[in-house]
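*Asks:* Can you read through this structure? Questions will come right after.
The values are calculated or read from the model by the stated rules, or taken from the named source; none is laboratory data. The shown structure was predicted, so the numbers you read here are calculated from the model rather than taken from an experiment. Cβ sites come from the backbone with ideal geometry, for glycine too, and all protein chains shown count toward neighbours. SASA here: full protein model, heavy atoms, side chains in, ligands and nucleic acids out. Shrake-Rupley method; radii C 1.70, N 1.55, O 1.52, S 1.80 Å.
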Amino acid sequence: MHNKISELLASQRTFFKEGKTKDIAFRIEKLKLLKSVIEDHETEICDALYEDFKKPKFESVLSETAFIISELDYIVKNLKSWSKPKKVSSSIINFPSSDYIYSEAYGACLIIAPWNYPFQLAISPLMGAIAAGNTVILKPSELAPNTSQILADILEKVFPKEMLAVVQGGVPVSEALLAEKWDYVFFTGSVPVGKIVAKAIAPHLTPSTLELGGKNPCIIHKSAKVQLAAKRIVWGKFLNGGQTCIAPDYILIDSKIKKEFIEAVQNEITAAYGAKPKNSPDYARIINEKNFDRLAAMLEDEKCPIGGDLDKEQLYMAPTLVDEPALSSKVMEDEIFGPILPVLSYTSEENMADTIANYSKPLALYVFSEDKHFSEKILENYSFGGGAINDVVVHIVNKKLPFGGVGTSGNGAYHGRHSFDTFSHKKSISKRGTWLDVPLRCAPYGDKISLIGMLMKKF
Ligand code: NAD
């Protein structure tokens, strides 16, 4: 396996050196072709996602295929202007000079993707890498094998292997890939595996983006529109069977409105999935038995005012609320990553802050409040990847917003222009004029110190 990977990588390095990916028109042509192949195979992609975890077709179009196509259009439209050297004002000290930032492809990139949005989270970074002129080896997740296969089939139609290749497999394949020297590594997955990746690439000091996870708080202030909050939270939490890295992980709610909120959540679950969500065509399943068991263990000894029904054979877990779990409980230990929503009430802002302080910087944070002062205070006081006021998950849709974590929830960001920038080294260049040479910086320094000091401080 190691030899095959090394050979593939060597062929990509040769292809990169030949300079074909430097041609912007070539990149645009490939991205356009990618779009048309995705459009042609949209049904098969949705079928594969359904096979993998019964992902409803509506959710597949919304969060995987249409999501990607819209971003592809945006990248294609803007790539020429993003790729141009960007002129910046120059320093008077360097007069005469004109200064530029050049965007330069890193070279050979490795992208490792997770299973939960197995199409989107593989293709989205990949189009940034291609747009910036890199070559790519993509390793999709072995836990969504049908989607991994369709990814391989589609990408093979668009790209020669020397430019982009899909290498399928589990941990040993991932380890073999990480043993190589890369010019850039983009990893999406869990915090523990993120640490393994960071360690593996450290000997080469390889630049990277780590898109990880965390325990995302969703704060509901007493001023919030409770019914609307419940509706939006039910959508964002139970979408994809609750297996969304930016889904609200737990609710922190003012104790005065908790009862009203729980009733509203029950109504919204019934409105969305019917009295028996198991029979709903709009509700996904848990990806595998291992995750099912992990999630089921979180419900032991907990009070579930809503849901709690399990069917291991069908990998079904009902949309479930857990009422006031202890911070030491399994459900409050780590990121849940499933359709379980703990509801914790607070009686004061200090009380609320104490709960959030138990966890490291999350990937997302949400606030429901009609009190703008309260929302702004939360934004000022907490560090987290990104989030929303009076909604959940939706910030991911805006291509102009960089998407990424902070601290243990990840580093680096992408989407839209940020994807292009992530996969480009920014090379700073001063182009000096030769018609004049002010000898201010050169010895003998004599009494030039006051003039240079003044110029440096002022400009
Ligand atoms: P994971 O970390 O188990 O796996 C991710 C990828 O890493 C897979 O391709 C897998 O094959 C590979 N991998 C697993 N173990 C490895 C090892 N020991 N060495 C090398 N590679 C290994 O994550 P997952 O279960 O696929 O996805 C769920 C996690 O991903 C959650 O924690 C979630 O929050 C996070 N996530 C983050 C984002 C984001 O954008 N920040 C998006 C989706 C998922």
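*Asks:* Run lengths n ≥ 4 of DSSP H only: what is the helix-derived mean residue ellipticity at 222 nm for the chain, with -39500 (n - 2.57) per run over all residues, to the nearest 500?
*Replies:* Helix-only estimate at 222 nm: -12500 deg cm²/dmol.
*Asks:* How much of the pair distance distribution for region 408-459 lies past 16 Å, counting alpha-carbon pairs only, in percent?
*Replies:* Tail fraction, whole percent: 68.
*Asks:* Ignoring ligands, DNA and RNA, what accessible area per residue does the chain give at 1.4 Å, in Å²?
*Replies:* Using a 1.4 Å probe on heavy atoms only, each residue of the chain averages 46 Å².
*Asks:* Could you sort 430-440, 247-257, 111-121 so that the peptide with the highest average Cβ count within 10 Å comes first and the rest follow in order?
*Replies:* With the highest mean Cβ count within 10 Å placed first, the list reads 111-121, 247-257, 430-440.
*Asks:* Suppose the Debye formula is applied to equal point scatterers at every Cα of the chain; what is log10 I(q)/I(0) at q = 0.06, 0.13, 0.14 Å⁻¹?
*Replies:* Each listed q corresponds, in turn, to -0.31, -1.16, -1.29.
*Asks:* While we're on this one: Taking the Cα-to-Cβ direction at residue 78 and at residue 304 and moving 7 Å from each Cα, how far apart do the two end points lie in nm?
*Replies:* Taking the two extended label points, one gets 4.3 nm.
*Asks:* Sticking with this one: Over 22 Å between Cα atoms: which of 303/330; 87/448; 215/290; 181/431; 181/361; 57/237 fall into that group?
*Replies:* 87/448; 181/431; 181/361
*Asks:* Let me ask another. Where q = 0.10, 0.17, 0.21 Å⁻¹, what log10 of I(q)/I(0) comes from the Debye formula for region 15-148, counting one point per Cα?
*Replies:* Debye output, listed in q order: -0.42, -0.93, -1.21.
*Asks:* Right, something else. I'd like to know which of 449, 329, 207 lies farthest towards the positive end of the charge dipole of the chain, counting +1 on Cβ of Lys and Arg and -1 on Cβ of Asp and Glu.
*Replies:* 449
*Asks:* Would you mind checking which residues have amide H under 5 Å from residue 405's amide H? H placed 1.01 Å from N; only 5 or more apart, or other chain.
*Replies:* Hits under the 5 Å cutoff: 212, 411.
*Asks:* Please find the FRET efficiency linking residue 228 to residue 86, where r is the Cβ-Cβ separation and R0 is fixed at 51 Å, and quote it to the nearest 0.05.
*Replies:* For R0 = 51 Å, the calculated efficiency reads 0.75.
*Asks:* Need the C-alpha centroid separation for region 189-210 versus region 116-137, integer Å.
*Replies:* What the calculation gives is 18 Å, centre to centre.
*Asks:* Take the Cβ-Cβ distance between residue 156 and residue 32 as r, set R0 to 22 Å, and report the resulting FRET efficiency rounded to the nearest 0.05.
*Replies:* Once rounded, the FRET efficiency stands at 0.80.
*Asks:* From the phi angles alone, apply the Karplus equation (6.51, -1.76, 1.60; θ = phi - 60°) to region 327-344 and give each ³J(HN,Hα) in whole Hz, x where the residue is Gly or Pro.
*Replies:* 5, 8, 6, 4, 5, 9, 6, 10, 3, 7, 6, x, x, 10, 10, x, 10, 10
*Asks:* Stretch residue 17-residue 44 to full length: gain in nm at 0.36 nm per residue minus the Cα-Cα span?
*Replies:* Gain on stretching residue 17 to residue 44: 6.2 nm.
*Asks:* Can you list residues from other chains, or at least 5 along the same chain, whose modelled amide H is less than 5 Å from the amide H of residue 164?
*Replies:* 136
*Asks:* Can you give the local net charge around residue 110? Use residues other than it whose beta-carbon is closer than 11 angstrom to its beta-carbon, Lys and Arg +1, Asp and Glu -1.
*Replies:* So the environment of residue 110 carries a net charge of 0.
*Asks:* Calculate the radius of gyration of the Cα atoms of region 126-182 to one decimal place, then report Dmax, the largest Cα-Cα distance, as a whole number, both in Å.
*Replies:* 11.5, 29
*Asks:* Right, next: Rounded to the nearest 0.05, what FRET efficiency is calculated for residue 288 and residue 175 with R0 set to 30 Å and r the Cβ-Cβ distance?
*Replies:* The computed FRET efficiency comes out at 0.90.
*Asks:* Same structure again: Given the options 252, 217, 241, identify the residue whose Cα lies farthest towards the positive end of the charge dipole of region 193-252 (+1 on Cβ of Lys, Arg; -1 on Cβ of Asp, Glu).
*Replies:* Final value for the positive-end residue is 252.
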